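Peer 1: First, the structure itself, so that you have it in front of you.
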Amino acid sequence: MSPWRCRDAGALAICVLVAAPALAAPDPLARAVALHRAGELTAALAAYQEVIDAGSGSPENPALAHHNACYVLIDLADPAQALVHCERALALRRELGDDRGVARTLANQGLALRHLGRYDEAEQAYREALAINERLGDAAAAVRVRSNLGVLAMTAGRYGEAMDHHSAAQSLAERHAAEPWAARQARIARLNRSAVLEKLGAYREALDLLRALEAGGDEDAELAARVQANLGVMYRNLGDPLRAVDYFARAAEGYARLDDVAGLSNAKLNVALALHLNLGRLEAAELAFHEALDLARAGGDRAEVIQDLFYLGNLQLELGRVGEAERSFRDCLDLASAAGSAEGTWSGLHGLGRVAEGRGDLRAALELFRQAMAAVESTRASLEDADRRAGYFGDKRPIYAAAVRVLARLHRDEPAAGHGEEALAVVQRAKARELLDALGAERAPAEPLAAAALRSLLGEGEVALEYFRGEDDLYLWIVRRHGVRFVDLGPARPILDQVARVHDALASGRDPPAEVVAGLSRALLSEAAVPADATVLKIAPDGKLFQLPFEILAAPGAGRETLIDRLSVAYLPSVSTLALLLRRRDAQAQGPRPALRLVGFGNPELPAAAAAPWAPASLLVTRHGLGPLPAAQREIATVGRILAGRQETRVGGGATERAFRDLAARDSLVMHLATHAIAGEGPGRVPAVLLAAGAGHDGVLHPREIAALDYRARLTVLSSCRSAPGETEDGRALTSLAEAFLAAGSSGVVAALWDVEDAAAAAFMTQFYDQLGRGLSAAEALRRAKLRLRAEPGWNWPALWSAYVLVGEGERVVRRPLVPAWAWITAALLLAAGLRLGLRR
């Protein structure tokens, strides 16, 4: 049986067949394998190509050379070329009847396909490999393929499936405990399970697994060091940087004992980042950066050297040592250019731009930032893996913020020179890029829009407000059909702190302090932002501004009136998304009316936690204390009576994920979900909608699963808690339920900004649907419902009536008013009497 040479990518073991002792390998193959073992990947790849080109000797040799070349190219981040070699190796091994070799090549092929974002094909390759391994009784290979399937499922947002695969891998390894490979693979499976638990927000369970791995000790010192490093990352994400530094230091000690220069360098870098960014211990951080840099240079790791130089330059700039910072950034850029490193290129350009800005040379700084943004976007466009492309802006937003800051300074000196319009275009390039990709024609990436194109989207009486948080300041663009106005709102922190105070009060069922609301009204709005002739306001918040219901703010120059008194309000991830949402809405309006007026799901049956305690649904039910939603079940019946027409509704045990997937693919005017929803607040947490499990589905829908659905409902109503957009500022959008439904195909989504009590949610929805039944648009129906409820005793406080917002667009659900509507109004008001705020999670 052939040996495997393995390395770990994160928690995933990736293995390559490097030699088969039964083969009398000729010198070229032996040399290639020796280079591969030594980690000289570029030379090994050339040597494997020589074996392939020679085309002589045993027919197994070119198959092995193609197989190993595939692996090397994956390691060199060239999955497209890796796939070519894997496919050739696979064809040769099938011809030879080498089932074991076929299975191993299929595993590498699956990895290449995953990196290319071709998840369905990757899964097919892995499953074929698994079937062969199980037939041959190759448990070691089966465990590794199970791990691959688990990582693939987690990448696609199918966390229940991921947990199943990693649990199966652990069980299989434990059944073969006597085998030399089993202990390591069982621990890797547990490490993978902790990663899934972290995504589910089950931090206690994830920490328990990691601590058990730590406490159990490990003869595999490399794996033990990685457990320490993972614990450091966990504690840093949880806001405990002191403990994180301690764990990174322990990982560094482990890597030092192993003489693992790369691992040691990376651990030192993590220590330095925590000291710098979390603890503000700048001198200690600088020492750690230099240690990481020296190690990376000693190990010949140019990528690590480039990264270390960039972070060191940032620290030196913060310390006011501009000359040293410039040298670090210049070295970073020079090394990156020589190595062809796109990441190093934008990093160096960004740093040099900040140096130029600090010296007052704004035009030079702007040009460097433009070059850095171009490097970022060129690299991003080349990524075929949608998940990697989606998150590519995560740590690169500061480049865009720096460009906006410089353009704002230039705008103050030259207000008519177009700097404000260029800044708006930069913001469109930074915000909600993941959603723009998803909304593009046939899922192709869509380009952000320039100022002139944004203006053309708006009709008379429509105003769009685009907010953007820079590194220090908050900016606003007021977009109307006849022009764009750029406003620097000043320091962001005081405004965002006030937003947090308002949101916390509303989420707790209290009226926010009047003076705070008045201050926010003055800070965020002006008569230019809300002119007297405006009838519709489209707001694209940023960061924590997504938590604010702007409708409660005072309308400028209107005495005691609030925005809700003056006009209807809708929210957007960015103004650029409006173009694609309008295109979708118009196409839907011109097509045939859906046969179904309503698809509704309410009060889904929750799992018994004891039956499957590690299942995602059970974990969420236990962690969040979820219970039945009897008012939600009545809500579905009431909504159905109001809308009338053809409809499909499911409640209780019938409100399954399988039924939802089936009905989501049918054309409908409204999809109404009166269910539990979990907010994705906190690092690593992923929001979810809970439905009943069954028929091979776990009953938990995460944003990526939702976005990938065949989804044909025009308006989606999430009558559940905290389902509106979150506060992400990293270019991602599919971390919120509302934006996931936009990506899936809905033109508009009604969602909540905080937890709402079950009966109160039902009462509010009755009012909202009554207004929809009068033939109003979703935005205006939402406004009228809020005004109607605000006028009633028991509802006249913002914590109740302002929770729900419209994200996106929404056509009229009914074209002619439905009657009688008054009966449902009366029912809602009676139900609302005496209600106080509680929870529908």
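The values are calculated or read from the model by the stated rules, or taken from the named source; none is laboratory data. Keep in mind that this is a model prediction, so the values were computed, not measured. Virtual Cβ from ideal backbone geometry, glycine too; neighbours counted across all protein chains shown.
Peer 1: Taking the conditions exactly as written (of a type in the set (D, E, K, R), touching a residue at least 12 places away in the same chain (Cβ under 8 Å) and not in a helix (DSSP H, G or I)), does E811 satisfy them or not? Please lay out each step first, then the result.
Peer 2: On the way: of a type in the set (D, E, K, R): yes; touching a residue at least 12 places away in the same chain (Cβ under 8 Å): yes; not in a helix (DSSP H, G or I): yes.
It is true that E811 is of a type in the set (D, E, K, R), touching a residue at least 12 places away in the same chain (Cβ under 8 Å) and not in a helix (DSSP H, G or I).
This table checks each residue for (1) modelled with pLDDT under 95; (2) crowded, with 22+ Cβ neighbours inside 10 Å.
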| position | (1), (2) |
| --- | --- |
| R661 | no, no |
| H676 | yes, yes |
| E681 | yes, no |
| V689 | yes, yes |
| A692 | yes, yes |
| V700 | yes, yes |
| A707 | yes, yes |
| D710 | yes, no |
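Peer 1: Which one of E739, E780 is in contact (Cβ under 8 Å) with a residue 24 or more places away in the chain, under 31 Å from the mean Cα position of the chain (by Cα), surrounded by fewer than 24 Cβ atoms within 10 Å (Cβ to Cβ) and at negative phi? Break it down into steps so the answer makes sense when it comes.
Peer 2: On the way: E739 fails: surrounded by fewer than 24 Cβ atoms within 10 Å (Cβ to Cβ).
Exactly one residue qualifies, and that residue is E780.
Peer 1: Being of a type in the set (A, V, I, L, M) and more than 16 Å from L537 (Cβ to Cβ) is the filter here; which residues of the stretch 477-493 pass it? If you could, list the steps in order and put the result at the bottom.
Peer 2: Residues of the stretch 477-493 that are of a type in the set (A, V, I, L, M), as a first pass: 478-479, 484, 487, 489, 492.
Residues satisfying the conditions are L489, A492.
Peer 1: Shifting gears a bit: Can you tell me which residue among G483, G509, G490, G470 is within 27 Å of R429 (Cα to Cα) and either touching a residue at least 40 places away in the same chain (Cβ under 8 Å) or touching a Pro at 6+ places or on another chain (Cβ under 7 Å) (or both)? Lay out the reasoning, then the answer.
Peer 2: Details: G483 fails: either touching a residue at least 40 places away in the same chain (Cβ under 8 Å) or touching a Pro at 6+ places or on another chain (Cβ under 7 Å) (or both); G509 fails: within 27 Å of R429 (Cα to Cα); G490 fails: either touching a residue at least 40 places away in the same chain (Cβ under 8 Å) or touching a Pro at 6+ places or on another chain (Cβ under 7 Å) (or both).
It is G470.
Peer 1: Could you go through the stretch 529-548 and let me know if any residue there is of a type in the set (K, R), over 30 Å from R433 (Cβ atoms) and either assigned by TED's automatic domain parsing to the domain that holds A779 or part of a helix (DSSP H, G or I) (or both).
Peer 2: no
Peer 1: Just name the residue that is surrounded by the most Cβ atoms within 10 Å (Cβ to Cβ) out of those in the stretch 162-175 that are in contact with an Asp or Glu (Cβ under 9 Å, 6 or more places away or on another chain) and closer than 18 Å to E205 by Cβ. If you could, list the steps in order and put the result at the bottom.
Peer 2: Initial filter on the stretch 162-175 (in contact with an Asp or Glu (Cβ under 9 Å, 6 or more places away or on another chain)): 163-164, 173.
Imposing the further condition that a residue be closer than 18 Å to E205 by Cβ reduces the set to 163-164.
Details: M163: 24, D164: 20.
The residue in question is M163.
Peer 1: If you don't mind, there's one more thing I want to ask. When you look at R409, is it surrounded by fewer than 18 Cβ atoms within 10 Å (Cβ to Cβ), in contact with a Ser or Thr (Cβ under 8 Å, 6 or more places away or on another chain) and not aromatic (F, W, Y), yes or no?
Peer 2: Numbers: surrounded by fewer than 18 Cβ atoms within 10 Å (Cβ to Cβ): yes; in contact with a Ser or Thr (Cβ under 8 Å, 6 or more places away or on another chain): no; not aromatic (F, W, Y): yes.
No; evaluated as a whole, the condition is false for this residue.
Peer 1: Moving on to the next point. Is it the case that the stretch 61-81 has a residue that's surrounded by fewer than 19 Cβ atoms within 10 Å (Cβ to Cβ) and among the hydroxyl-bearing types (S, T, Y)?
Peer 2: Pass one, the stretch 61-81, residues surrounded by fewer than 19 Cβ atoms within 10 Å (Cβ to Cβ): 75-78, 80-81.
Subset that is among the hydroxyl-bearing types (S, T, Y): none.
There is no residue in the stretch 61-81 that is surrounded by fewer than 19 Cβ atoms within 10 Å (Cβ to Cβ) and among the hydroxyl-bearing types (S, T, Y).
Peer 1: Let me ask another. Looking only at helices (runs of 4 or more DSSP H) that lie completely in the stretch 228-325, which have at least 2 residues being of a type in the set (D, E) and at positive phi?
Peer 2: Values: elements: 241-257, 261-273, 282-299, 302-318.
Once the helices (runs of 4 or more DSSP H) in the stretch 228-325 are filtered for at least 2 residues that are of a type in the set (D, E) and at positive phi, nothing remains.
Peer 1: Sticking with this one: Looking at (1) in contact (Cβ under 8 Å) with a residue 24 or more places away in the chain; (2) surrounded by fewer than 23 Cβ atoms within 10 Å (Cβ to Cβ); (3) of a type in the set (G, A, S); (4) part of a helix (DSSP H, G or I), can you tell me which one S58 breaks?
Peer 2: Status for S58: all satisfied but (4).
Peer 1: Look at A224 and say whether it is in a helix (DSSP H, G or I) and under 30 Å from D120 (Cα atoms). Lay out the reasoning, then the answer.
Peer 2: On the way: in a helix (DSSP H, G or I): yes; under 30 Å from D120 (Cα atoms): no.
The answer is no for A224.
Peer 1: How many residues does the stretch 578-595 contain that are in contact with a strand residue (DSSP E or B) (Cβ under 6 Å, 6 or more places away or on another chain) and closer than 22 Å to R433 by Cα? Before the answer, list the steps.
Peer 2: The first filter runs over the stretch 578-595 and keeps only residues in contact with a strand residue (DSSP E or B) (Cβ under 6 Å, 6 or more places away or on another chain), leaving 581, 588, 594.
From what's left, closer than 22 Å to R433 by Cα: 581.
Number satisfying all stated conditions: 1.
Peer 1: Scan the stretch 562-593 residue by residue and report those that are surrounded by fewer than 19 Cβ atoms within 10 Å (Cβ to Cβ) and assigned to a loop (DSSP other than H, G, I, E, B).
Peer 2: G591, P592, R593
Peer 1: Give all pairs with beta carbons closer than 6 Å in which a residue from the stretch 349-368 that is free of Cβ contacts under 8 Å to residues at least 24 places away in the same chain meets a residue that is assigned to a helix (DSSP H, G or I) and not aliphatic (A, V, I, L, M); count only pairs at least 6 apart in sequence or on separate chains.
Peer 2: L368/G353
Peer 1: Now for a different question. Do we find that A617 is out of contact with any Ser or Thr (no Cβ under 6 Å at 6 or more places or on another chain), touching a residue at least 60 places away in the same chain (Cβ under 8 Å), under 23 Å from D755 (Cβ atoms) and of a type in the set (A, V, I, L, M) in this structure? First the steps, then the outcome.
Peer 2: On the way: out of contact with any Ser or Thr (no Cβ under 6 Å at 6 or more places or on another chain): yes; touching a residue at least 60 places away in the same chain (Cβ under 8 Å): yes; under 23 Å from D755 (Cβ atoms): yes; of a type in the set (A, V, I, L, M): yes.
Against the criterion (out of contact with any Ser or Thr (no Cβ under 6 Å at 6 or more places or on another chain), touching a residue at least 60 places away in the same chain (Cβ under 8 Å), under 23 Å from D755 (Cβ atoms) and of a type in the set (A, V, I, L, M)), A617 qualifies.
Peer 1: Determine which member of the set D511, D497, D504, D473 is farther than 20 Å from L806 by Cα, surrounded by 15 or more Cβ atoms within 10 Å (Cβ to Cβ) and acidic (D, E). Talk me through it step by step, then tell me what you get.
Peer 2: Working: D511 fails: surrounded by 15 or more Cβ atoms within 10 Å (Cβ to Cβ); D497 fails: surrounded by 15 or more Cβ atoms within 10 Å (Cβ to Cβ); D504 fails: surrounded by 15 or more Cβ atoms within 10 Å (Cβ to Cβ).
Being farther than 20 Å from L806 by Cα, surrounded by 15 or more Cβ atoms within 10 Å (Cβ to Cβ) and acidic (D, E) holds for just one of D511, D497, D504, D473, which is D473.
Peer 1: Out of A212, A178, A131, report the one residue that is at pLDDT 95 or above and surrounded by fewer than 18 Cβ atoms within 10 Å (Cβ to Cβ). Break it down into steps so the answer makes sense when it comes.
Peer 2: Working: A212 fails: at pLDDT 95 or above; A178 fails: at pLDDT 95 or above.
When all the criteria are applied, what remains is A131.
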